[in-house]
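What follows is a single structure, written as structure tokens, with notes after it.
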Amino acid sequence: MNNRIWLWAALAIVVLFVVSGINTIPSLDEKVKASWSEVQNQYQRRMDLIPNLVETVKGYANFEQKTLTDVINARASATKVTITTDQLTDPEAVKKFEQAQGELSSALSRLMAVSERYPDLKADQNFLALQSQLEGTENRIAVARKDYIDTVQQFNTRVRTFPGIIWAHIYGAQPKQTFAATEGAATPPAVKF
């Protein structure tokens, strides 16, 4: 009788172990995919705003053509570099995507900095509205990236620790790549007055 109790207890533990973990890896994988979709959604929102911003700025004949060309080229490059959810385990694919988006962010920052020299442009209502939308989009991108990083951290923790490592092996789940700081992020900007 005593052996039966131990057998049932062991069976209950095994069943609990199986039931509690079997859906965790696929559920977390889906959360990572959803978070990544939101990151892409926000980047696409930025891509959609850029042509309107460029057209507004083009109206000011004195505006530096090189700055506009840099923004247009960076946008074109960024749209060519795409990454699917299946590539989120590939560090090179994620790095390439980040680099393209970073170049676009840099070009947009230069555009905004140069626009400071043009009082008429700074006063243009279309430019102000687009600038505001772009700033809001950059904030949304930052939030979406943070959410993605948090979700990837949960997923990676689960697939690297017990008992999740067992389920990860069964499903063939690999740790996902996350965003890294861009070059120069460790060095604070020089501020001169």
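The values are calculated or read from the model by the stated rules, or taken from the named source; none is laboratory data. Since the structure is predicted, the reported quantities are computational estimates derived from the model, not experimental observations. No Cβ is skipped: glycine too gets one built from the backbone with ideal geometry, and neighbour counts run over all protein chains shown. To get the accessible areas, we keep the full protein, side chains included, count just its heavy atoms, and leave off ligands, DNA and RNA. Shrake-Rupley method; radii C 1.70, N 1.55, O 1.52, S 1.80 Å.
Miscellaneous remarks
- Of all residues in segment 52-63, those satisfying the criterion of being closer than 17 Å to Leu104 by Cα and in contact (Cβ under 8 Å) with a residue 24 or more places away in the chain are Asn52, Leu53, Val57.
- Scan of segment 123-168 for residues that are assigned to a helix (DSSP H, G or I) and of a type in the set (Val, Ile, Thr), ordered by number: Thr137, Ile141, Val143, Ile149, Thr151, Val152, Thr157, Val159, Ile165, Ile166
- Residues of segment 161-180 that are farther than 20 Å from Asp86 by Cβ and free of Cβ contacts under 8 Å to residues at least 24 places away in the same chain: Thr161, Phe162, Ile165.
- Residue under evaluation Val15, criteria (1) surrounded by 12 or more Cβ atoms within 10 Å (Cβ to Cβ); (2) out of contact with any Lys or Arg (no Cβ under 9 Å at 6 or more places or on another chain); (3) of a type in the set (A, V, I, L, M, F, W, C), criterion not met: (1)
- Residue satisfying all of: in segment 131-179; touching a Leu at 6+ places or on another chain (Cβ under 6 Å) and open to solvent by less than 30 Å² (accessible area, probe 1.4 Å); nearest to Glu92 (Cα to Cα) among these: Lys176
- The listed residue being among the aromatic types (Phe, Trp, Tyr), part of a helix (DSSP H, G or I) and within 13 Å of the chain's Cα centre (by Cα), out of Trp6, Trp36: Trp36
- Looking only at segment 87-123, and only at residues there that are over 28 Å from Thr178 (Cα atoms) and touching a residue at least 60 places away in the same chain (Cβ under 8 Å), the one that is least open to solvent (accessible area, probe 1.4 Å): Leu121
- Of all residues in segment 43-66, those that are under 25 Å from the mean Cα position of the chain (by Cα) and either surrounded by fewer than 14 Cβ atoms within 10 Å (Cβ to Cβ) or under 21 Å from Gly102 (Cβ atoms) (or both) total 11.
- A count restricted to segment 64-81 and to residues that are part of a loop (DSSP other than H, G, I, E, B) and in contact (Cβ under 8 Å) with a residue 24 or more places away in the chain stands at 1.
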